[in-house]
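The values are calculated or read from the model by the stated rules, or taken from the named source; none is laboratory data. Note that the structure is a prediction, hence the values are computed from the model and not measured. All Cβ positions, glycine included, derive from the backbone under ideal geometry; neighbour counts span all protein chains shown. Each accessible area value is taken on the protein alone, full model and side chains, heavy atoms only, with ligands, DNA and RNA left out. Shrake-Rupley method; radii C 1.70, N 1.55, O 1.52, S 1.80 Å.
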Amino acid sequence: MKTDTLKSASTHHTSFSIIIPFRNEAENLNMLLESLSDLNYPKSHFEIILIDDASTDASVALVEAFQQQTEVSIIVIENERFSTSPKKDALAKGISKAQFEWIITTDADCKVPELWLQHYTQKIRAEDSQFIAGPVCFFESKGFFNTFQQLDFLSLQGATIGSFGLQQAFMCNGANLAFSKTEFLRLKGYAETDHLASGDDVFLMQKFIKEMPKKVHYLKTSEALVITQTQPNWKSLKDQRKRWAAKASAYTSWFAILTSLLVLLGNAALFTIVFHPEIWPLLLLKVTVDFLLIYQTASLFNQKKKLVYIPLVAVVYPFFTLYIALASQFGKFEWKGRTFKK
């Protein structure tokens with residue numbers, strides 16, 4: 001996006017309430033708050049609302065200390081539980097306190113780009129949007145475990161972009177999401193899916209698509225890319241992906257259901273190569289398609305260094321996918337020190 005276009009958009013600033021739930025994020029909050037305070041946007045046109053979800057570490061004290069050294073409006077409130085989804089409760093609480101019409105959500109372990117709000121303003125005005133999904137990616141880091149997560153996440157982002165391009169959007173990420181508060185309230189927000197631990201992003205998007213499909217868009221630019229952390233170990237990754245996958249049974253989009261089934265069956269079919277080596281072209285075809293998808297996304301986000309590891313990741317990925325698919329539907333998972341069922 002050209003700088004002059006952004007300058008033109010910035011003459012009519014949209015005001016934003018940035019909503020951030022957190023629980024025991026003392027290690028990450030300072031990075032997020034610094035990036036928010038460095039936003040190239042008038043300080044009077046955005047506020048930051050942090051919702052403390054029963055943190056037991058120094059998170060709240062860290063935020064309070066940061067409040068004293070910034071001109072940005074930062075509010076800290078306590079979560080109020082009324083469902084089985086702590087994050088949806090926290091988001092709803094934050095949104096209820098928001099003074100501006102446009103809500104943006106992100107996570108406490110993220111870093112936002114300097115022109116973040118300017119790009120959202122331009123998109124809102126250019127497309128007459130009511131719901132906008134933004135790009136998310138991982139920080140680049142060393143080691144196969146982190147590389148596996150980065151390539152996997154790039155494939156998810158590629159699928160997200162592709163689904164929006166086909167006007168069949170079925171994925172988005174709450175770490176970079178914007179929507180109208182008025183429409184959120186009219187659509188009753190997270191009601192009907194607040195029994196699920198995750199899905200605050202996807203199921204809300206489905207509500208917007210059902211009511212106003214022409215006003216749901218994707219913010220396709222690397223300058224609006226929110227960067228977040230990979231999971232530190234296998235258990236954390238397993239629980240994260242089980243949490244994400246657990247909501248699949250509640251999908252209402254036929255395209256989302258069909259795509260999920262095709263991915264699952266495609267990975268399951270690759271196991272037959274052990275007994276039928278002659279079908280190796282199937283594996284080659286899948287790896288080629290995956291590479292093209294990931295390459296496009298990696299090019300957009302300037303993260304092409306890890307592409308050489310795709311063949312190795314392709315060997316591990318079917319096992320990982322099938323395990324998560326099965327475990328998410330029948331098992332429990334932990335998140336932020338709490339145990340959840342599907």
For GLU78, are the conditions met, namely being at pLDDT below 95 and more than 30 Å from VAL316 (Cβ to Cβ)?
no
Can you pull out every residue in the stretch 192-203 that is within 12 Å of the chain's Cα centre (by Cα) and either at pLDDT 95 or above or under 18 Å from GLN168 (Cα atoms) (or both)?
GLY199, ASP201, VAL202
Do we have any residue at all in the stretch 154-162 that's of a type in the set (S, T, N, Q), assigned to a loop (DSSP other than H, G, I, E, B) and under 30 Å from HIS13 (Cα atoms)?
no
Residue satisfying condition, being assigned to a strand (DSSP E or B), among the hydrophobic types (A, V, I, L, M, F, W, C) and open to solvent by less than 50 Å² (accessible area, probe 1.4 Å), within set ILE104, ILE95
ILE104
Hey, GLU114 open to solvent by 20 Å² or more (accessible area, probe 1.4 Å), farther than 21 Å from LYS306 by Cα and in a loop (DSSP other than H, G, I, E, B) or not:
yes
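Return yes when GLY189 is in contact with a strand residue (DSSP E or B) (Cβ under 7 Å, 6 or more places away or on another chain), in a loop (DSSP other than H, G, I, E, B), touching a residue at least 40 places away in the same chain (Cβ under 8 Å) and not hydroxyl-bearing (Ser, Thr, Tyr) and no when it is not.
On the way: in contact with a strand residue (DSSP E or B) (Cβ under 7 Å, 6 or more places away or on another chain): no; in a loop (DSSP other than H, G, I, E, B): yes; touching a residue at least 40 places away in the same chain (Cβ under 8 Å): yes; not hydroxyl-bearing (Ser, Thr, Tyr): yes.
Taking the combined requirement at face value, the residue does not satisfy it.
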Counting only residues that are under 24 Å from ASP109 (Cβ atoms) and at pLDDT below 75, how many does the stretch 318-333 have?
3
Criterion (surrounded by 17 or more Cβ atoms within 10 Å (Cβ to Cβ) and within 12 Å of the chain's Cα centre (by Cα)) met by exactly one of GLN206, GLN157, GLN149
GLN157
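Of all residues being of a type in the set (Asp, Glu) and open to solvent by 20 Å² or more (accessible area, probe 1.4 Å) in the stretch 187-200, which is farthest from THR297 (Cα to Cα)? Just the residue, please.
Taking the stretch 187-200 and keeping what is of a type in the set (Asp, Glu), we get 192, 194, 200.
Still in the running and open to solvent by 20 Å² or more (accessible area, probe 1.4 Å): 192, 194.
On the way: GLU192: 33, ASP194: 31 Å.
Taking the candidates together, the pick is GLU192.
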Which members of the stretch 192-208 meet the condition of being assigned to a helix (DSSP H, G or I) and β-branched (Val, Ile, Thr)?
VAL202
If I filter the stretch 264-278 for residues that are at pLDDT 75 or above, of a type outside the set (Ser, Thr, Tyr), closer than 28 Å to ILE209 by Cα and out of contact with any Ser or Thr (no Cβ under 6 Å at 6 or more places or on another chain), do I get at least one hit?
no
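Residues checked against (1) open to solvent by less than 30 Å² (accessible area, probe 1.4 Å); (2) over 20 Å from SER253 (Cα atoms):
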residue: ILE132; (1), (2): yes, no
residue: PHE144; (1), (2): no, yes
residue: MET171; (1), (2): no, no
residue: ALA178; (1), (2): yes, yes
residue: LEU185; (1), (2): no, yes
residue: THR221; (1), (2): yes, yes
residue: THR228; (1), (2): yes, yes
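Conditions tested, residue by residue: (1) touching a Lys or Arg at 6+ places or on another chain (Cβ under 9 Å); (2) at pLDDT below 95.
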{"residue": "ALA108", "(1), (2)": "yes, no"}
{"residue": "GLU114", "(1), (2)": "no, no"}
{"residue": "LEU117", "(1), (2)": "no, no"}
{"residue": "TYR120", "(1), (2)": "no, no"}
{"residue": "ALA133", "(1), (2)": "no, no"}
{"residue": "PHE139", "(1), (2)": "yes, yes"}
{"residue": "LEU156", "(1), (2)": "no, yes"}
{"residue": "GLY162", "(1), (2)": "no, yes"}
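Within the stretch 69-85, track down each residue that is farther than 17 Å from ASP200 by Cβ and either open to solvent by less than 70 Å² (accessible area, probe 1.4 Å) or among the hydroxyl-bearing types (Ser, Thr, Tyr) (or both). Full working, then the answer.
As a first pass, look at the stretch 69-85 and keep what is farther than 17 Å from ASP200 by Cβ: 69-78.
Across the stretch 69-85, the qualifying residues are THR70, VAL72, SER73, ILE74, ILE75, VAL76, ILE77.
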Hits in the stretch 42-68 (condition: over 23 Å from GLN118 (Cα atoms), surrounded by 16 or more Cβ atoms within 10 Å (Cβ to Cβ) and β-branched (Val, Ile, Thr))
ILE51, VAL60, VAL63
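Evaluate the following for LYS88: is it buried (at least 24 other Cβ atoms within 10 Å of the Cβ) and charged (D, E, K, R)? Give the derivation first.
Numbers: buried (at least 24 other Cβ atoms within 10 Å of the Cβ): yes; charged (D, E, K, R): yes.
Yes.
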